[in-house]
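Structure record follows, encoded as C-alpha cells.
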Amino acid sequence: RFLLAMLEREGLQPAPPASSATLLRRVSFDLTGLPPTPAALDAFERDPSSYAEVVEGLLASTAFAERWAGHWLDVARFAESSGGGRSLMFPDAWRYRDYVIDAVDRDVPFDRFVLEQLAGDLLPAGTDAERNRNRIATGFLLLGPTNYEQQDKELLRLDVIDEQIDTVGRAFLGQTFGCARCHDHKFDPVTAEDYYALAGIFASTNVLTPGNVSGWTTAELEGPVAERWRAHQAQVEGLEAELARLVQGTPKAQSTKVIDTTGLPGLILDDGAATLIGEWLHSTSVAGYLDAGYLHDKDLAKGENSATWTPNVPAAGRYDVRLAYTPGSNRATNVPVTIEHLGGRETLRVDQRQPPRLAGAFVSLGTFDLAPGMETVVTVATTGTNGHVIVDGLWLLPAGEVPEGEQALLENSVEAEAVRVKLEELKQGAPPAPGQAMVAAERADPIDEPYHFRGAARDLGDPVPRRAPGFCAPASPAIAADVSGRFELAQWILDPSNPLTARVRVNRIWSRLFGTGLVRTADNFGAMGERPSHPELLDWLAQRHLRGGWSTKALVRDLVLSRAYRMAVQTPPQQDPDNRLLSVYPLRRLDADALRDAMLCVSDELDRRRGGSSITKVTQYDYNYAHSTLRRSVYVPRFRNSVLDVFAEFDGPNPNMVTGRRGESQVPTQALLLMNSPWVRARAEAAARRVLEQPRAARLEHAFELVLSRGPLKSERGILDALQACDDLEEWTRTLHALLASIDFRYLQ
C-alpha cells in the first residue's frame with residue numbers, strides 16, 4: 001500500500017503478477033539460494049494457490065538458514081584467515097559461521113542475536129551448550145582483517161579497536177564511526193570524543209594475545225567432551241607426577257662434565273683401552289663422559305668403523321656388562337653391540353638418545369658368564385646405524401655387587417617403567433580434545449582510552465570515559481568501573497528508541513529480496529548516504545519488526561507474500577528509469593553463492609552436509625589454498641587471499657569490510673568464466689549424464705527445467721529437437737554448458 005500510494009501519485013500502475021514458474025524460481029533462490037526441482041515446479045504450476053504453503057516450507061528448511069546466514073556473514077566481514085602480513089588461517093572461525101546458521105534456523109530474535117555477538121561472554125547461561133553458543137558469538141569481534149605480524153604492538157592494538165568500532169557502527173547502525181579516529185566526523189554528528197569513548201569499551205576487551213607474531217584469544221568449549229578430557233588430563237598429570245617422583249635424584253649424564261668412577265666395584269675401561277677400526281673423532285661437547293672425553297663416528301662411513309674391548313677378566317663368574325655413552329638427539333637409536341662370552345656370542349641394540357642412568361653414564365647390556373684367559377670381546381659397530389655412534393667406556397660389574405645407592409635406583413626404575421607403560425596406554429586412549437573457539441573476554445582491569453590527537457598512537461590527551469555515542473537517543477547507559485561496557489553498548493544499540501538499528505536491519509532484508517534497499521547505501525545511513533525512496537514504508541517496517549519480536553522469518557514472510565514481490569519483471573517506465581518507485585519487479589542476477597550452488601544442484605553433485613570445518617588442510621597461511629569442496633557456498637573456506645574464481649568474478653563480498661549489499665557488475669570476464677572454466681564444464685558433463693538417464697522424449701524438457709526452471713521456448717525447441725534422439729554425451733554436455741552460461745540461468749526474473 002505504501003508503494004501503491006506513491007505510484008498512483010506519479011500516475012503509474014504496478015506490473016502484473018509474475019508467472020507461477022517465474023515466481024517459484026524467484027522465491028526459491030531468494031529464500032534458499034537453490035533452484036526449485038522439476039517436481040516442485042510441476043506441483044506449483046498445478047496449484048499456484050499453494051504459494052503461502054511453499055513459502056512456509058522454504059522458511060523452515062535448512063537451506064533457508066544457510067542462505068540467510070550467508071547474508072549476515074557478509075555484514076560480519078566473516079573470513080577464515082586474517083589477511084595482512086602473511087594472512088594466518090583461523091582454524092576455528094567455522095564455529096562462528098555455524099553459530100549464525102543455527103541462529104537463523106532457530107529464528108533467534110535479532111536483538112538477542114546482536115547482544116550475543118557483542119557481549120555473549122557476559123550473559124547468563126543455563127547449560128554448557130548455551131554458554132558455548134554465547135561465547136562463540138563474540139567471535140564477531142575477532143574476525144576482522146588484522147596484521148598480527150605488526151611489530152608496533154600499540155599501533156596493532158589501536159588498529160584492532162578501530163576495526164571493531166567501524167564494524168559495529170556499520171553493521172548495526174549504518175554509521176561510519178571510524179571516520180572520527182583522527183578528528184570530529186566531517187559529515188555526521190559523531191565526535192572524536194564519541195570515538196574514544198567507544199575505544200575504551202573495546203580496549204577493555206581482550207581479543208589479542210602477545211608475541212612476536214601476535215595471536216587471537218581462544219577458549220575451550222564446555223560440555224561432556226571437555227569434562228572427559230579434563231578428567232583424562234588429571235589422570236595423565238597424576239601419573240607424570242608419580243613418574244617424576246620415582247626418577248627424582250636419578251643421576252643424569254649431563255649433570256657433571258666428567259663422571260667420577262672412583263670407588264666403583266668391578267673393572268672399568270675407558271675408550272682409550274678399545275681397539276679402533278676406521279676414523280673416530282674425539283669430543284668433549286656433551287657432558288657426562290668418562291676420563292678425558294668420548295669418541296664418535298661423525299655419522300659417516302657406516303659399517304667401516306668399530307671399537308672393540310678385550311678386557312682381562314679378574315675372576316671367573318657372572319658379570320653385568322655395562323656400556324657408557326653420552327646421549328643426544330642426533331645419536332643413533334640402533335647401535336649394535338656384540339658380547340662374546342662363555343655361552344657364545346650375543347648382539348643387541350642400544351638407543352643412545354636415551355639418557356644412561358647407571359652411575360650417570362652407563363646402561364646395562366645384560367649379565368654374562370666370563371672367565372680369565374678366555375677371549376672376552378665387546379664390540380661397538382656402526383653398521384646400519386641412524387645417527388652418531390658414541391664410544392666412551394665399558395664396565396664389568398660382578399653380579400650381586402650393587403654400587404651404593406643403586407639398589408633404590410633400580411627398584412625405582414622397575415616401578416617407573418610400570419608407570420611409563422601405564423602412562424603411554426592412557427595417552428593412547430585419550431578422548432577427543434574439546435573444541436576451541438575464537439572468543440572475546442573482559443579485561444581484568446577495564447580502562448578509559450585516552451584521546452589520541454590526530455589518531456596517533458602516542459600523542460595522548462586525557463582519558464575519555466566509556467560510553468555510547470551521544471548523537472542520537474537514547475542516552476548512554478551508565479558503565480561501571482569494573483566492566484568493559486560491551487553489554488551496555490549493546491543495550492543502547494537495541495533500545496527501541498534508537499532510530500537506526502531496526503531501520504538498518506529491515507532495509508538490508510528488503511535489499512536481499514528486491515535487489516536494492518529502500519536506502520540504497522545499506523551500510524551508510526549518515527549524511528553521505530542516500531535518502532530512502534519510501535521513508536514511511538521504512539519506518540512502518542521497522543516498527544513492525546520491533547513489534548514482531550525482531551523475527552527475521554516473520555519479516556521475510558511478510559515481504560515475499562506481498563504483491564510487490566510477486567510482480568513480473570518488465571522494463572521500468574520512463575518516469576522512473578531506475579525503478580526507485582518499484583512499479584515493476586527488478587531484473588536481478590544470481591549472486592556468486594547461488595550461481596555456484598545452482599550449478600551443483602543441476603549436476604546433482606551438491607554436498608548438503610551441514611556444519612563443521614570445511615578446510616581440507618589447515619596450514620599456517622592461506623596462500624595458494626586448493627579449493628576442492630562441493631559443499632554449499634556458505635561452507636566454502638572464505639580466505640582473504642585465496643578466493644574461488646566464481647566469487648572473485650561475480651562480486652563476492654570483500655571480507656575486509658562490512659558488506660550489507662553486494663555489487664552487481666556486468667563485465668566480459670563473467671561470461672568468459674562460464675564459457676571456459678573447466679569446473680563449469682565438469683558440472684555440465686555431470687548434468688548431461690543426468691539428462692541422458694531420462695526417456696528420450698523427456699530429455700529436452702528435463703534439461704530446461706533443471707537449469708532454467710521452465711520448459712524450452714518454441715524457438716529453442718526448434719533448434720534443439722534433434723537432440724531428443726541423440727545419445728552422445730558430448731553433444732548433451734555442450735547443450736547443458738550453453739544453458740549454464742546463458743543469461744536466463746544467471747538472472748532472476
Could we say that residue 723 is of a type in the set (A, V, I, L, M) and surrounded by fewer than 15 Cβ atoms within 10 Å (Cβ to Cβ) here?
no
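Against the condition in contact with a Lys or Arg (Cβ under 6 Å, 6 or more places away or on another chain), surrounded by fewer than 22 Cβ atoms within 10 Å (Cβ to Cβ) and part of a loop (DSSP other than H, G, I, E, B), how does residue 604 come out, does it pass? Don't jump to the end; show me each part of the working.
Values: in contact with a Lys or Arg (Cβ under 6 Å, 6 or more places away or on another chain): yes; surrounded by fewer than 22 Cβ atoms within 10 Å (Cβ to Cβ): yes; part of a loop (DSSP other than H, G, I, E, B): yes.
Taking the combined requirement at face value, the residue satisfies it.
Can you name every residue in the stretch 420-461 that is of a type outside the set (A, V, I, L, M, F, W, C), farther than 29 Å from residue 237 by Cα and in a helix (DSSP H, G or I)? Walk me through how you get there before you give the answer.
Within the stretch 420-461, the subset of a type outside the set (A, V, I, L, M, F, W, C) is 420, 422, 424-425, 427-429, 431-432, 434-436, 442-443, 445-446, 448-452, 454-455, 458-459, 461.
Subset that is farther than 29 Å from residue 237 by Cα: 442-443, 445-446, 448-452, 454-455, 458-459, 461.
Of everything in the stretch 420-461, those that are of a type outside the set (A, V, I, L, M, F, W, C), farther than 29 Å from residue 237 by Cα and in a helix (DSSP H, G or I) turn out to be 454, 455.
So, of the residues in the stretch 374-405 that are small (Gly, Ala, Ser) and more than 58 Å from the chain's Cα centre (by Cα), which turns out to be least open to solvent (accessible area, probe 1.4 Å)?
Step one: of the stretch 374-405, the residues small (Gly, Ala, Ser) are 381, 384, 387, 393, 399-400, 405.
With the extra rule that they be more than 58 Å from the chain's Cα centre (by Cα), the set shrinks to 399-400.
On the way: 399: 57, 400: 79 Å².
Among those that are small (Gly, Ala, Ser) and more than 58 Å from the chain's Cα centre (by Cα), it is 399.
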Residue 653 - would you say it is outside any helix (DSSP H, G or I) and out of contact with any helix residue (DSSP H, G or I) (no Cβ under 7 Å at 6 or more places or on another chain)?
no
Picking from 658, 691, 667, which residue would you name as being of a type in the set (A, V, I, L, M, F, W, C), closer than 30 Å to residue 509 by Cβ and surrounded by 15 or more Cβ atoms within 10 Å (Cβ to Cβ)?
658
Between a residue in the stretch 95-111 that is open to solvent by 20 Å² or more (accessible area, probe 1.4 Å) and any residue that is part of a loop (DSSP other than H, G, I, E, B), which pairs come within a Cβ distance under 8 Å, given they are 6 or more apart or on different chains?
95/435; 98/611; 98/612; 107/551; 109/549; 109/550; 109/551; 111/550
Of all residues in the stretch 610-634, count the ones that are of a type outside the set (A, V, I, L, M, F, W, C), under 30 Å from residue 690 (Cα atoms), over 11 Å from the mean Cα position of the chain (by Cα) and surrounded by 12 or more Cβ atoms within 10 Å (Cβ to Cβ).
7
Of (1) crowded, with 22+ Cβ neighbours inside 10 Å; (2) part of a helix (DSSP H, G or I), residue 34 fails just (2)
Quick check on my filter: what residues within the stretch 275-315 are within 24 Å of residue 259 (Cα to Cα) and among the acidic types (Asp, Glu)?
291, 297
If you take the residues in the stretch 471-521 that are open to solvent by 40 Å² or more (accessible area, probe 1.4 Å) and aromatic (Phe, Trp, Tyr), which one is modelled with the lowest pLDDT?
471
If the Cβ limit is 6 Å and pairs must be 6+ apart or interchain, which residue in the stretch 414-425 that is within 16 Å of residue 244 (Cβ to Cβ) pairs with which residue that is at pLDDT below 85?
415/246; 416/243; 416/246; 416/247; 419/242; 419/243
Residue 532 fails exactly one of (1) over 20 Å from residue 472 (Cα atoms); (2) modelled with pLDDT of 95 or more; (3) out of contact with any Phe, Trp or Tyr (no Cβ under 8 Å at 6 or more places or on another chain); (4) not aliphatic (A, V, I, L, M), namely (1)
Would you be able to say whether some residue in the stretch 139-154 is assigned to a helix (DSSP H, G or I), at pLDDT 95 or above and open to solvent by 10 Å² or more (accessible area, probe 1.4 Å)?
yes
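How about the stretch 565-583: which of its residues are buried (at least 18 other Cβ atoms within 10 Å of the Cβ) and touching an Asp or Glu at 6+ places or on another chain (Cβ under 9 Å)?
Taking the stretch 565-583 and keeping what is buried (at least 18 other Cβ atoms within 10 Å of the Cβ), we get 565-567, 572, 579, 581-583.
Result: 565, 572, 581, 582, 583.
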Only unsatisfied item for residue 702, checking (1) in contact (Cβ under 8 Å) with a residue 60 or more places away in the chain; (2) under 29 Å from residue 644 (Cα atoms), is (2)
Condition first: open to solvent by 60 Å² or more (accessible area, probe 1.4 Å) and touching a residue at least 60 places away in the same chain (Cβ under 8 Å). Now tell me which residues in the stretch 635-653 satisfy that.
641
Positions within the stretch 574-615 being in contact with a helix residue (DSSP H, G or I) (Cβ under 9 Å, 6 or more places away or on another chain), polar (S, T, N, Q) and either more than 22 Å from residue 74 (Cβ to Cβ) or at pLDDT 95 or above (or both), in sequence order:
583, 603
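Given the options 55, 108, name the one that is at pLDDT 95 or above, part of a loop (DSSP other than H, G, I, E, B) and of a type in the set (A, V, I, L, M).
On the way: 55 fails: part of a loop (DSSP other than H, G, I, E, B).
The conditions single out 108.
Listed residues 219, 171; which is within 22 Å of residue 471 (Cβ to Cβ), open to solvent by less than 60 Å² (accessible area, probe 1.4 Å), of a type outside the set (Ser, Thr, Tyr) and touching a helix residue (DSSP H, G or I) at 6+ places or on another chain (Cβ under 8 Å)? Walk me through how you get there before you give the answer.
Numbers: 219 fails: within 22 Å of residue 471 (Cβ to Cβ).
Exactly one residue qualifies, and that residue is 171.
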Any chance residue 163 is surrounded by 18 or more Cβ atoms within 10 Å (Cβ to Cβ), of a type in the set (D, E, K, R) and closer than 22 Å to residue 90 by Cα:
yes
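Conditions (1) on the phi < 0 side of the Ramachandran plot; (2) assigned to a loop (DSSP other than H, G, I, E, B); (3) open to solvent by less than 10 Å² (accessible area, probe 1.4 Å), marked per residue:
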position	(1), (2), (3)
299	no, yes, no
307	yes, no, yes
318	yes, no, no
326	yes, yes, yes
339	yes, no, yes
345	yes, no, no
352	yes, yes, yes
355	yes, yes, no
372	yes, yes, no
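Among the residues of the stretch 484-513, count how many are aromatic (Phe, Trp, Tyr) and in contact with a helix residue (DSSP H, G or I) (Cβ under 8 Å, 6 or more places away or on another chain).
Within the stretch 484-513, the subset aromatic (Phe, Trp, Tyr) is 487, 492, 510.
Add one more test, that the residue is in contact with a helix residue (DSSP H, G or I) (Cβ under 8 Å, 6 or more places away or on another chain), and what stays is 487, 510.
Matching residues across the stretch 484-513 total 2.
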Checked pairs for the stretch 457-478, first under 29 Å from residue 151 (Cβ atoms), second in a loop (DSSP other than H, G, I, E, B) and β-branched (Val, Ile, Thr), C-beta under 7 Å and 6 or more apart or across chains, list as 466/479
Top-ranked residue in the stretch 212-264 [being β-branched (Val, Ile, Thr) and within 30 Å of residue 363 (Cβ to Cβ); ranked as modelled with the highest pLDDT]
236
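Here is a yes/no grid of residues against (1) at pLDDT below 95; (2) over 50 Å from the mean Cα position of the chain (by Cα):
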position	(1), (2)
313	yes, yes
316	yes, yes
323	no, yes
328	yes, no
335	no, no
338	no, yes
342	yes, yes
345	yes, yes
349	no, no
Filter the stretch 526-541 down to residues that are open to solvent by 40 Å² or more (accessible area, probe 1.4 Å) and not in a helix (DSSP H, G or I), then give me how many there are.
5
Conditions (1) open to solvent by 40 Å² or more (accessible area, probe 1.4 Å); (2) of a type in the set (Lys, Arg); (3) at pLDDT below 95: number failed by residue 681
(3)
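The values are calculated or read from the model by the stated rules, or taken from the named source; none is laboratory data. As the structure is a computational prediction, the values presented were derived from the model and not from experiment. All Cβ positions, glycine included, derive from the backbone under ideal geometry; neighbour counts span all protein chains shown. The area values use the complete protein model at the heavy-atom level, side chains included, leaving out ligands, DNA and RNA. Shrake-Rupley method; radii C 1.70, N 1.55, O 1.52, S 1.80 Å.
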